[in-house]
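Working notes, beginning with the structure itself.
The values are calculated or read from the model by the stated rules, or taken from the named source; none is laboratory data. No experiment lies behind these values; they were computed from the predicted model shown. Every residue, glycine among them, receives a Cβ derived from its backbone with ideal geometry; neighbour counts consider all protein chains shown. Side chains are part of the model used for accessible areas, which takes the heavy atoms of the whole protein and leaves out ligands, DNA and RNA. Shrake-Rupley method; radii C 1.70, N 1.55, O 1.52, S 1.80 Å.
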Amino acid sequence: MDHAERLAPGGLVFRGLVDPDRPLLPPALATLAPGYPPASGTWPRAVVDRGTPDSVGRANEGWFTLSREGGLFGDDREFLVAVEVPGGEGDWWWARVGLAASWDVMGAGSAAALGGGFGAPEFAMLSTAGDTVVCGTADASSIGTVLVNGLRDLAGLRDLAEWKAGRPGTPPHERAAARRWLDSVGR
């Protein structure tokens, strides 16, 4: 199954893979970005208790509001989503997508390419400018999303990227992507 077919159930329209030489935060680092809190202490979140009626629908609403207001996408409803690279062995990079008129990121999307099953999101999304990350999260009691912005200002994330870029055990494509991103943010 190709990217377009895998992303379609969530209402994401595949527009193509992003040039791997573009200096973007690698998906593996994007998934860790929420672990580097801002000075205020916490990142914006949209979380719904699983016991709430229509929890997946409400989580979808929370994802959309957080993503729109937080800068993941604008009026064009385009953003990037982490996908497994064809022919790679667990290699991930960014695909450009558009949000269709009808979508279900947290339900059908998570059951297809964006998670571990219906209502179990495990995705990383990045704004086309590369400065805002939205990650899907789920546990036994809740489902939701977290938004991280100002990536270049997160010293801990930059330190981790530096470590990944210099670590021989980091996959070569990820090591090179981390270095490109660090160079682009002046590190």
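Label sites at ASP183 and ALA4, each approximated as a point 7 angstrom past Cα along Cα to Cβ, lie 3.3 nm apart. Across all Cα pairs in region 60-113, the calculated P(r) in 10 Å bins from zero up to the longest distance comes to 21, 51, 24, 4 percent per bin.
Derived value for region 1-79: Kirkwood hydrodynamic radius 15.3 Å. Basis is the mean of 1/r over every pair of different alpha-carbon atoms. The calculated FRET efficiency for the pair VAL13 and ALA129, based on their C-beta separation and a Förster distance of 22 Å, comes to about 0.70. Most tightly packed first, judged by the mean number of other beta-carbon atoms within 10 Å of their residues, the peptides 135-142, 37-44 read 135-142, 37-44. Applying both filters, DSSP loop and at most 16 other Cβ atoms within 10 Å, to the chymotrypsin sites (Phe, Trp or Tyr not before Pro) of region 45-148 gives PHE118. The angle separating the long axis of helix 172-184 from the principal Cα axis of greatest extent in the chain is about 80 degrees. Hull volume per residue, based on the alpha-carbon atoms of the chain and their convex hull, is 117 Å³. A 1.4 Å probe run over the chain, with the rest of the protein chains in place, finds 46 Å² accessible per residue.
Between ARG22 and GLU69, full extension at 0.36 nm per residue minus the direct alpha carbon distance yields a gain of 14.4 nm.
The long axis of helix 55-70 is offset from the longest Cα principal axis of the chain by roughly 50 degrees. Here the sum of -39500 (n - 2.57) over DSSP H runs of 4 or more residues, divided by the residues of the chain, equals -8000 deg cm²/dmol at 222 nm, to the nearest 500. Each residue of region 149-156 was assigned a 3J(HN,Hα) from its phi angle through the Karplus curve 6.51 cos²θ - 1.76 cosθ + 1.60 (θ = phi - 60°); the sequence is 10, x, 4, 5, 8, 8, 4, x Hz, with glycine and proline shown as x. Both radii were evaluated on the Cα set of region 83-184; the Rg over Rh quotient, with Rh as the Kirkwood radius, amounts to 0.99.
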